[in-house]
Amino acid sequence: MKICVTSQGNNLDSPVDPRFGRCQFFIIVGTDTMEYKTLENINITAGGGAGIQSAQLMSQNDVKVVLTGNCGPNAFRVFEDAGIRIIAGVGGIVREAIEKFKSGELQAASGPTVAGHFGS
């Protein structure tokens, strides 16, 4: 399964970024192999719509689950429409967050965790 973790750096030993739409990097990981690719977030400086555009990027990359600190209402709606689960409240190191997800320690969010334009 492909999951994405928002990150402040470009590898598995980087801190989880608490923002979704304006995180520094997206680390997309295959949970079976732990192989990953890093995408620099081109939406970080967007004037508006960063969450929506970033959520659409997750759908384009066949991501099934996103681990992040917070998720706003616009991105959350895109995730719902695409069938992508969002797990918010995630912190620590990317590698540790993935292990917590794989062991079932993390629960999916039932709604947005912050108001719109939180990371602006």
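Annotations
- Within region 1-22, considering residues that are over 16 Å from Gly51 (Cβ atoms) and in contact with an Asp or Glu (Cβ under 7 Å, 6 or more places away or on another chain), the one surrounded by the most Cβ atoms within 10 Å (Cβ to Cβ): Ser7
- Of everything in region 1-35 that is of a type in the set (D, E, K, R) and modelled with pLDDT under 95, the residue that is farthest from the chain's Cα centre (by Cα) is Asp32.
- Each residue in region 25-49 was checked for being closer than 19 Å to Arg95 by Cβ, touching a Lys or Arg at 6+ places or on another chain (Cβ under 9 Å) and hydroxyl-bearing (Ser, Thr, Tyr), and 1 of them qualify.
- Test: residue in region 61-68 that is of a type in the set (S, T, N, Q), crowded, with 21+ Cβ neighbours inside 10 Å and at pLDDT 95 or above: yes
The values are calculated or read from the model by the stated rules, or taken from the named source; none is laboratory data. Small disclaimer: the values here were computed from a predicted structure and weren't measured. Cβ atoms come from the backbone with ideal geometry, glycine included; neighbour counts cover every protein chain shown.
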